[in-house]
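The values are calculated or read from the model by the stated rules, or taken from the named source; none is laboratory data. These numbers were taken from a predicted model, which means no experiment stands behind them. Note that each Cβ is placed from the backbone with ideal geometry, even for glycine, and that neighbours are counted across all protein chains shown. Ligands, DNA and RNA are excluded from the accessible area calculation, which covers all protein heavy atoms including side chains. Shrake-Rupley method; radii C 1.70, N 1.55, O 1.52, S 1.80 Å.
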Protein chains: 4
Amino acid sequence: MKNGLILKISCPDQPGVVAKIAGYISDHNGNLVEFNQFTDREKERFFARVEIDAENLEVDLDTFVNGFEALGKSLKADYTFRKLPYLMKTAILVTKTDHCLNDLLWRTQLGEMPIEITSIIGNRTDCQEIAEKAGIPFHFIEMDGEKKEAGFKKISQITKEEGVELVVLARFMQIMPEWFCDAYRGSMINIHHSFLPAFIGANPYRKAYERSVKYIGATCHYVTGDLDAGPIIEQEVSRIQHFHSVKDLVRLGRDCERTALARGIRLHVHERTIIDDNRAITFPD
Amino acid sequence: MKNGLILKISCPDQPGVVAKIAGYISDHNGNLVEFNQFTDREKERFFARVEIDAENLEVDLDTFVNGFEALGKSLKADYTFRKLPYLMKTAILVTKTDHCLNDLLWRTQLGEMPIEITSIIGNRTDCQEIAEKAGIPFHFIEMDGEKKEAGFKKISQITKEEGVELVVLARFMQIMPEWFCDAYRGSMINIHHSFLPAFIGANPYRKAYERSVKYIGATCHYVTGDLDAGPIIEQEVSRIQHFHSVKDLVRLGRDCERTALARGIRLHVHERTIIDDNRAITFPD
Amino acid sequence: MKNGLILKISCPDQPGVVAKIAGYISDHNGNLVEFNQFTDREKERFFARVEIDAENLEVDLDTFVNGFEALGKSLKADYTFRKLPYLMKTAILVTKTDHCLNDLLWRTQLGEMPIEITSIIGNRTDCQEIAEKAGIPFHFIEMDGEKKEAGFKKISQITKEEGVELVVLARFMQIMPEWFCDAYRGSMINIHHSFLPAFIGANPYRKAYERSVKYIGATCHYVTGDLDAGPIIEQEVSRIQHFHSVKDLVRLGRDCERTALARGIRLHVHERTIIDDNRAITFPD
Amino acid sequence: MKNGLILKISCPDQPGVVAKIAGYISDHNGNLVEFNQFTDREKERFFARVEIDAENLEVDLDTFVNGFEALGKSLKADYTFRKLPYLMKTAILVTKTDHCLNDLLWRTQLGEMPIEITSIIGNRTDCQEIAEKAGIPFHFIEMDGEKKEAGFKKISQITKEEGVELVVLARFMQIMPEWFCDAYRGSMINIHHSFLPAFIGANPYRKAYERSVKYIGATCHYVTGDLDAGPIIEQEVSRIQHFHSVKDLVRLGRDCERTALARGIRLHVHERTIIDDNRAITFPD
């Protein structure tokens, strides 16, 4: 869309909420392109994602957004607007394996997701060549042992300077410090190589093998201070059989990981996710 | 829901359509329980399914429904209302195999779908015992050779007398006459034992075997005069392997068939489908 | 097959093992119908399932089976033979919900699996009518509170008297005593309503909802003294979305449960499983 | 494996065939690593893939292979041996889109399949840069209009000179001439962007959209002179919904295409496929 807005909103469920939101848009001659709504019956809470074509809007975007405040307050709503089109500035953190990184680069080039990868940051140099071939700055940051805390400070500095809105952990093999998780709450996404909550932590494919499960999986989730326990955005599973070794699971798992991560990021970047406590509401695309 | 309405509506896409529909509901103190909307960009056409809690409605249901006419006309809309709760009167047509029938009976008993099975009609008697055990009238109607036309007349008479709203072909092995298709356009659902449009017509599992496909499937679709070519409501697929014989495909296919049929009927009965030419828009549940 | 044998065998991997087994069969004019083999590289252990047509066997079945002993010993093998055709005597334990029971009855009637259901045993009477309609003895056994131990004794007595080879827990809501688990080690199968090892224990759908997973699942496994931790035979998963309530998960989960249980039992009954520590090797069918 | 053989064999089903093959291997002190067997009951034909560790083989590989001839003849068998390890020389033909090419390059680098890509051949130059970055020779060959026949001659010349064993059509948008199909019968693999046999020919995603199917798919198959009708090696499907436009199907389809192609090539290159008339028997990995 050449000129538009995405509104994400949540508020207590109440009569007339759709009419009020749609009415505000209609009153200013905005056109609803997509209206996705969900009401949580347990919590009596309303969630919506609204895509608005602003081509014929009678006021400018800022006036429209500011004018929504009165309605937002009366609904006791949490809401955000994002102007279309946009590229979300994104930093990708990696260690050794490159399949998730490769996939994100490829999808970005194809225009599958509106992101601008401002930098690729690695605590190993294995992915440096890929970054360079793609023409994206690569920062090698040592994080082993005592260098960890200083490393995260550097990462924080880089992401701040670049105005990064989204941090992607593309098989980044470090446990994130709490202060970093807090700084990127709701905008840091990890791919875990298991079907969470099964096999939290290290070596999930070995554990899956030993437990003899019939499907392996991967989980794309928001990062919180709680290891592998943040809101789940997307998952993918793959059928396995008794003759698959741990090495086979790693191989088959790569496809799950890159798929789940790409789909999850796409949902986030298109503003199709709303975090509600430890759940992620995801309006499908 | 104890007292409510489902509105299904389609109309040319136009500014303010959501606001107007939601506004009408809100103006009469109806509460939106679910608002599903889809805009077809190719056709510039708007489709929606709206579930309304009428508990606090300020007018009675008929007044509300009648009052919508002015808005409906101004939007140039096709629309229907259905009052909640309801049981959709349904006739199930069968021949020999019983797996789809069994599944529908079981799901109906569990309350998975709001239907009342008024009769089971067979051109063979194989399913008679099942019908009787379930306490549902069974009509055996001979349809072989020259008796076919008279048989369909009888079926038509039964369904009319019972006020049947939905006819389900649960592996009913007869080609439907055009006049019958016309009479139940949009309210007759078939399960075809292939992943349409592959393997139209007879013996799809044999054909799938010979073509050595890696997935078999089943397709739940509205019946039109065009064999196996009506709007698709639901499909299901199942992985197969080289060692599966035609008999294995029949066995594995049964699970696809009953699953696809049950899901498709559930969508239809919950008024989650809108037919648009040869496409079925299906708001998921 | 009208006259045949299934051999299941495991032994240390060693040169010539396939040649020796196939040679023994060939030497007695048996015909290999299916030869499934798997070598565990980590353990250096060989596993096979061999289906033999005995139509032209030059000796009688017992002589053939007894004669295998010398080879079995020289291979240091664990092995079993089963004569074809057969019906495996099976007891099904239930509580309230009937979907798994219904599915097993239906598949048995269709001839999908060679079992004879000798009795249905319930600690509630909800499934009594289904049992009676199917013409299978139903035993109501009280197991609440202090009656539990005596109840299991009764079950044990029934299954012994009937020569039961397989005990199926078809949503049987009781924790099995250790002695009962020991008595039916390798021949008692449970369906757990989650994708194990996620959500062990009670209320898995509620837990899955709160964890906001994107797939739910069901797990068919051998019962050991360790709750929900025995060797996994089969699993099934189903995609879910944010708008699915716990009640929806229960509904969607039913389909996973009955599918995973039926497939798992079919594998066991066709002698397609070999338990190896806590893994179940499952030769697909 | 450092030193081994893969035997693929098919012959009329006959008593003792497994014993004879395994016996020949055992007699020469070869060790069976994997023995996959399938008997087609309709055709009474036996198929097998046998992986042999030749570490302790008492004769050299050529002697072993030549010595098998007597047994092969007595079994009336078609068979091939391949020496391990190996890299299969492969040419990839492309037009504009690069997702399948990218995926194959990536998987080759990771060691997921034992191929050596000797050249990338395009009738457009869109993929030239990718080839160059990967360090693989790129041949641009004009094929429009009258240049088509000469173009295929050139391709044939290149593949001959390079000793290419496998030709991959990675979304190569040209209909292959019959003589080229004949030259690479059984060793030319195409990816078709639909779930064959549905939507043969051009624009399958548009057709799938108009038919309103609920799954799209991709099909990896051997190329024969009959358009999109050769033996199917692998397929992949992806769930779609009513709100997906043709453009969305193209996007979602890319993931199906690259997955099905990669899996199919992996099966072929690991000698896990046996073509039998128009079926491909595929021993899973």
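Just a few scattered comments:
- Charge dipole (debye, nearest 20) of chain B; +1 at Cβ of Lys and Arg, -1 at Cβ of Asp and Glu: 880
- Compared with the dominant principal axis of the Cα atoms in chain A, helix A:61-74 is inclined by about 80°.
- Computed from label points 7 Å out along Cα-Cβ, the spacing between B:Lys83 and C:Tyr86 is 6.2 nm.
- For the rotational copy relationship between A and C, the axis lies nearest to a chain A beta carbon, identified with its distance in whole angstrom as A:Ala198, 2.
- Rounded to the nearest whole Hz, the Karplus-based 3J(HN,Hα) values (6.51 cos²θ - 1.76 cosθ + 1.60, θ = phi - 60°) of region A:161-172 follow the sequence 4, 8, x, 5, 9, 9, 10, 10, 9, 9, 6, 8, with x at glycine and proline.
- Degrees, to the nearest 10: D:246-269 long Cα axis against longest axis of chain D: 20
- Here the alpha carbons of region B:133-219 define both size measures, Rg and Dmax, at 15.7, 47 Å.
- About the Cα centre, charge dipole magnitude for the protein assembly as shown (Lys/Arg +1, Asp/Glu -1 at Cβ), debye: 0
- The residues C:Ser194, A:Ser74, sorted by heavy-atom accessible surface at 1.4 Å with ligands and nucleic acids left out, run A:Ser74, C:Ser194 from largest to smallest.
- The mean sequence separation of alpha-carbon pairs under 8 Å and at least six residues apart, normalised by the residue count of region B:1-92, gives a relative contact order of 44 percent.
- Label point 7 Å beyond Cα along the C-beta direction, distances from B:Lys43 to other copies (nm, shortest first): 3.6, 4.6, 5.8
- Cβ-Cβ FRET estimate between B:Asp62 and B:Arg239, R0 fixed at 60 Å, reported to 0.05: 0.75
- Vicinal HN-Hα couplings computed from phi for region D:189-199 (Karplus, 6.51 cos²θ - 1.76 cosθ + 1.60; Hz; Gly/Pro x): 10, 10, 10, 9, 8, 8, 7, 4, x, 6, 6
- Fraction of alpha-carbon pairs over 36 Å apart in chain D - percent: 22
- Antiparallel DSSP beta bridges within the protein assembly as shown, percent to nearest 5: 70
- Placing B:Glu161, B:Glu257 in order of accessible area, with the largest value first and a 1.4 Å probe, yields B:Glu161, B:Glu257.
- Set of lysines with alpha-carbon distance to B:Lys76 below 25 Å, sequence-local pairs under 8 removed: A:Lys20, B:Lys8, B:Lys20, B:Lys43
- Percent antiparallel among DSSP beta bridges (both partners in chain C, rounded to 5): 70
- Nearest-10 value in Å² for the accessible area of D:Glu42, using the 1.4 Å probe: 110
- In the complete set of protein chains, residue-level accessible area for B:His139 is approximately 50 Å², probe 1.4 angstrom.
- Where a label projected 7 Å from the Cα of C:Asp144 along Cα→Cβ would reach, residues of region C:166-187 with amide N under 17 Å: C:173-175
- Plainly put, the tip 7 Å out from Cα toward Cβ on A:Lys2 is 5.4, 6.7, 7.9 nm from that tip on each other copy, the closest given first.
- Between C:Val246 and B:Glu55, the C-beta separation translates, for a Förster distance of 22 Å, into a calculated FRET efficiency of about 0.45.
- Whole-Å distance, taken between Cα centres, linking region A:218-244 and region D:102-151: 35
- Contact order normalised by residue count of chain A, Cα under 8 Å, 6+ apart, percent: 15
- Projecting the Cα positions of A:Gly111, A:Tyr86, A:Leu7 onto the charge dipole of chain A (unit charges on Cβ atoms of Lys, Arg, Asp and Glu, taken about the Cα centre) puts A:Gly111 furthest along the positive direction.
- Per-residue SASA remark: D:Lys73, around 140 Å² accessible (1.4 Å probe; ligands, DNA and RNA not included).
- Backbone N atoms of region D:226-245 closer than 17 Å to the 7 Å Cα→Cβ label point of D:Ile200 belong to residues D:226-233.
- Relative to the dominant Cα principal axis of chain B, helix B:17-27 is inclined by about 70°.
- Partners of A:Lys133 within straight-line reach, counting lysines whose Cα lies under 30 Å from its Cα and excluding those fewer than 8 residues away in the same chain: A:Lys89, A:Lys96, A:Lys147, A:Lys148, A:Lys153, A:Lys154, A:Lys160, A:Lys247, D:Lys89, D:Lys96, D:Lys133, D:Lys247.
- Note on surface exposure: A:Lys214, B:Lys96, B:Lys43, A:Lys148 rank B:Lys96, B:Lys43, A:Lys148, A:Lys214 by accessible area, highest first, 1.4 Å probe.
- Label geometry 7 Å along the beta-carbon vector: D:Glu132 inter-copy distances in nm: 1.8, 8.1, 8.3
- Label-reachable residues, region A:196-216, where backbone N falls under 15 Å from a point 7 Å from C:Asp226's Cα toward its Cβ: A:199, A:207-213
- Chain B: calculated mean residue ellipticity at 222 nm from DSSP helix runs of at least 4, using -39500 (n - 2.57): -10000 deg cm²/dmol
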